[in-house]
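No lab work stands behind these numbers, since they all come straight from the coordinates. The structure displayed is predicted, hence computed values, not measured ones. Neighbour counts run over all protein chains shown; Cβ positions are idealised from the backbone, glycine included.
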Amino acid sequence: MSIKRAILKKLFRHRYIGGRHTEIRNAMKGFPPHLLKEVKKEIENLIKESYLLAKPSTGELHVSLNPRMMDKIIQEIKNDRN
């Protein structure tokens, strides 16, 4: 499974969509320590691609899935099964 799909799947599974958000470090939890730099870089790429929304909150950046991109996000998650 690609890192991109794993991040999207995790946020979708926990229903971090739109107004419900979590800190980036929480989105990175569960990944092996040697991949954490790649995971953070992929989160930044997902924000640039508009898959994720970024919200500055409590001193740290929070992220959630972009509700306007849910069709593409679900398609990405489903492509993982093939």
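Summary of values
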quantity: Calculated [θ] (222 nm, deg cm²/dmol) that DSSP helices of n ≥ 4 give over the chain, each run adding -39,500 (n - 2.57); calculated: -14000 deg cm²/dmol
quantity: Cα gyration tensor shape for segment 7-54, rounded if a/c is under 1.5, else prolate or oblate; calculated: oblate
quantity: Low-density loop cleavage sites - GluC sites (Glu not before Pro) in segment 1-75, where at most 16 other Cβ are within 10 Å (DSSP); calculated: Glu49
quantity: Estimated dipole of the chain in Debye, rounded to 20 [Cβ of Lys and Arg +1, of Asp and Glu -1, Cα centre]; calculated: 200 debye
quantity: nm² value of the averaged projected area, convex hull over the Cα atoms of the chain; calculated: 5.2 nm²
quantity: Reach of Lys4 by Cα under 14 Å, taken over aspartates and glutamates that are not fewer than 8 positions away in the same chain; calculated: Glu38, Glu42, Glu44, Glu49, Glu76, Asp80
quantity: Positive minus negative residues near Gly18 (Lys, Arg vs Asp, Glu; Cβ under 14 Å); calculated: +4
quantity: Packing-based exposure ordering (other Cβ within 10 Å, fewest first) of Arg5, Arg20, Arg13; calculated: Arg13, Arg20, Arg5
